[in-house]
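> Before we start, here is the structure in question, set down as structure tokens.
The values are calculated or read from the model by the stated rules, or taken from the named source; none is laboratory data. Treat the numbers as computed from the prediction; the structure is a model and nothing was measured. Reconstructed Cβ throughout: ideal geometry from the backbone, glycine too, with neighbour counts over all protein chains shown. Accessible surface is based on the protein model in full, side chains and every heavy atom, while ligands, DNA and RNA are left aside. Shrake-Rupley method; radii C 1.70, N 1.55, O 1.52, S 1.80 Å.
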Amino acid sequence: MKKPVVAANWKMYKTIEESVNFVEKLKKKPLDWDEVHIILCAPYTSLFEMGNSLRGGSFVSLGAQNLYWEQEGAFTGEISVGMLKACGVEWVIVGHSERRTRFGESDEDVCRKADSALQNGLSVIFCVGESLEERENGKTSRVLQRQVTALLSQLNEQLLRMVVIAYEPIWAIGTGLHATSDQIEESHRLIRGIIEEEFVGISGEVSILYGGSVNSGNCRELSEVSEVNGFLIGGASLDADQFAEIVTTITEVKKE
Ligand code: 13P
């Protein structure tokens, strides 16, 4: 059985001090550390100090929320894999819908980013998901097919093992309205099916997370969806108490 993965996406929240305080608070929680994989995806500015604060203990992994695909050069404002790894970063979120829609990242862009991360030893949380309009027009499966296939075309089996997929329907992000268990089950099965077509026999090893308005109130119901291997959490991940509660719940449910 795979360990559940619980990833925090802090987005543009938390100063260095707030980030380190969160880590120190989380460390003290009585979590079942061996049974869950926690990834904290913080703003760039917090990564170095968080890396220091996590050093020596392997209880959580450090993640970034973005990167640029070049190693170095005249790319004002961008950050490379090497710079992230030097801070102790092991994971990076790629293809988040906020990057796709607000910052105009295309499938091609996000795949270049994923490729650069993976080829240089950084694991990837790759986000996919449909908009409300796409869902209402019956295009969900087409969108997921397009986004997942674009990624898979870059991968071999070894690189696939460094990828976690996060299904985040755009209409469920930050709205307080999570997708239903049936909707999640259906989308996760579809994603796994697409992976299985390309990589026969190993799709079951890939963790597929759900993201979109996950909180301490709904995490039990969402954890009970068999196809859910973990969560990618925005708003509710900002508070260490609530985040720890969600971690505890999914760890318990997945052990049952
Ligand atoms: P919320 O949990 O705030 O809905 O955000 C989800 C998300 O975008 C995580 O990447």
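> Which value, in Å², gives the accessible area per residue of the range 153-256 when a 1.4 Å probe is used on the protein heavy atoms?
On a per-residue basis, 41 Å².
> I've got another one for you. Counting other Cβ atoms within 10 Å, keep those with at most 15, restrict to DSSP loop, and tell me which GluC sites (Glu not before Pro) in the range 202-234 are left. Each step should come with its number before you reach the end.
Numbers: sites: E205, E221, E224, E227; in loops: E224, E227.
Answer by residue number: E224.
> Rounded to the nearest 10 Å², what accessible area does E157 have for a 1.4 Å probe in the complete protein model?
Accessible area of E157: about 90 Å².
> Please work out the C-alpha center-to-center distance from the range 189-203 to the range 93-141 and express it in whole Å.
18 Å
> Check cross-link reach from K14 to the lysines: straight Cα distance under 26 Å, and skip same-chain residues fewer than eight apart.
K25, K27, K28, K29, K85, K113
> Additional query: Over the chain, what percent of the accessible surface lies on carbon and sulfur atoms, probe 1.4 Å?
The nonpolar share, carbon plus sulfur, comes to 48 percent.
> Rounded if a/c is under 1.5, else prolate if a/b beats b/c, else oblate: with a ≥ b ≥ c from the C-alpha gyration tensor eigenvalues square-rooted, which is the chain?
Since a/c stays below 1.5, the shape of the chain is classed as rounded.
> A follow-up question, please. Take the alpha-carbon centre of the range 1-75, take the same for the range 214-256, and report the distance between them in whole Å.
Each part reduced to its Cα centre gives a spacing of 17 Å.
> As an exercise, identify the trypsin sites (Lys or Arg not before Pro) in the range 154-198 lying in DSSP coil whose Cβ has no more than 16 other Cβ atoms within 10 Å.
Qualifying residues, ordered by number: R161.
> Something else: Treating only the Cβ atoms of Lys and Arg (+1) and Asp and Glu (-1) as charged, compute the dipole magnitude of the range 24-115 about its Cα centre; round to the nearest 20 debye.
420 debye
> Could you report the range 36-116's accessible area per residue, 1.4 Å probe, as an integer in Å²?
46 Å²
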